[in-house]
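FYI, it's all coordinate maths here, none of it is from the lab. Note that this is a predicted model, so its numbers are computed, not measured. For neighbour counting, all protein chains shown are included, and Cβ atoms are generated from backbone atoms with ideal geometry for every residue, glycine included.
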Amino acid sequence: MELLDKLNWRYAAKAMNGEEVAEEKIDRIIEAARLAPTSSGLQPFEIFVIKNKEVKEKIRPIAWNQSVITDCSHLLVFAAWDTYTADRINYMFDLTNEIRSFKNEGWENYRQQLLSTYPQKDAEVNFNHAAKQAYIAFAQAITAAAFEGIDATPLEGFDPNKLDDILGLRAKGLRSAVMLPIGYRDAGNDWLVDLVKVRKSTTDLVTVIA
């Protein structure tokens, strides 16, 4: 019930007060995102944690001039792989073998299945798939922030090409997917802070097939 209480408390803060969030809380939020499930365990994304004021100020104009960009404590950018490559797939499979200290025939067969499938697909198709995996971690970071009593504002309203340029993502084989400002709400300047949370009823949202 504590988690549900926290999720009822959270909302997408429209104004933040600039107060710095303790690094240990940020670390736990990032760790929650790191532990998120992804397709085939490939984790096809990276997370950029932006604290630098000048970089935030460059991003704000290409994100509808939203104040939370510059007034947040930390700005998280989830950047997905621009495509799947053999090297990227092999890295994660090799890492699994190294950490588990053994090789599994079924796992190695699965490696070959992915190698014969993903790298041959259109790069845009692969990016869209990778971005979906980034969103899973993104959602888990939002939940973790709520659990910490920290505000987080999901942001898709930005020019991804310009954000990629600012952060030099394309040179790293990455493309921006979504942003998450993290900080503390500025209740006095946030029109949304006291409004009742609106969600569909469970009846309207869920269909149980027994």
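Report which label in (1) 1.14; (2) 1.21; (3) 1.05 holds the value of Cα Rg over 2.2 N^0.38 Å derived from the coordinates of this structure.
Computed from these coordinates, Cα Rg over 2.2 N^0.38 Å corresponds to label (1).
Can you compute 3J(HN,Hα) from phi for each residue in the range 113-120, using the Karplus curve 6.51 cos²θ - 1.76 cosθ + 1.60 with θ = phi - 60°, rounded to whole Hz and x for Gly and Pro?
Those phi angles translate into 5, 5, 5, 8, 10, 5, x, 7 Hz.
Is the range 128-210 rounded, prolate or oblate when judged by the Cα gyration tensor, a ≥ b ≥ c being the square roots of its eigenvalues, rounded requiring a/c under 1.5 and prolate requiring a/b larger than b/c?
oblate
Report, in deg cm²/dmol and to the nearest 500, the calculated mean residue ellipticity at 222 nm for the chain, where each DSSP H run with n ≥ 4 adds -39500 (n - 2.57) and the sum is divided by the residue count.
-13500 deg cm²/dmol
What ranking do Leu155, Leu3 get, fewest neighbouring Cβ atoms within 10 angstrom at the top?
Going from least to most buried by this count: Leu3, Leu155.
Tell me, Ser40, Ser73, Ser201 in order of fewest to most beta-carbon neighbours within 10 Å?
Lowest count first: Ser201, Ser40, Ser73.
Have a look at Lys53, Lys200, Lys162 and tell me which one the Gaussian network model of the chain (Cα, springs below 10 Å) gives the largest fluctuation.
Maximum fluctuation in the GNM of the chain, among the listed residues, is at Lys200.
Quick check: net charge around Ile50, other residues with Cβ under 12 Å of its Cβ, Lys/Arg +1 and Asp/Glu -1?
+3
Sorted from fewest to most neighbouring beta carbons within 10 Å, what does the list Met92, Met16 look like?
Fewest-to-most Cβ neighbours within 10 Å comes out as Met92, Met16.
Any idea what angle helix 123-147 forms with the longest principal axis of the chain, computed on alpha-carbon atoms, 0 to 90 degrees, nearest 10?
50 degrees
Under 5 Å between amide H atoms, partner at least 5 residues away or on a different chain: which partners does Leu76 have, H built in plane at 1.01 Å?
Under 5 Å from the amide H of Leu76 lie the amide H atoms of Ile50, Leu180, Ile182, each far enough along the sequence or on another chain.
In the Gaussian network model of the chain, springs joining C-alpha atoms below 10 Å, which of Glu156, Glu31, Glu105 carries the largest mean-square fluctuation?
Glu105
Can you give the angle from 0 to 90° between the axis of helix 23-34 and the longest principal axis of the chain, with both taken from C-alpha atoms, to the nearest 10?
40 degrees
Let me have the relative contact order for the chain, percent, based on Cα pairs under 8 Å that are six or more residues apart.
36 percent
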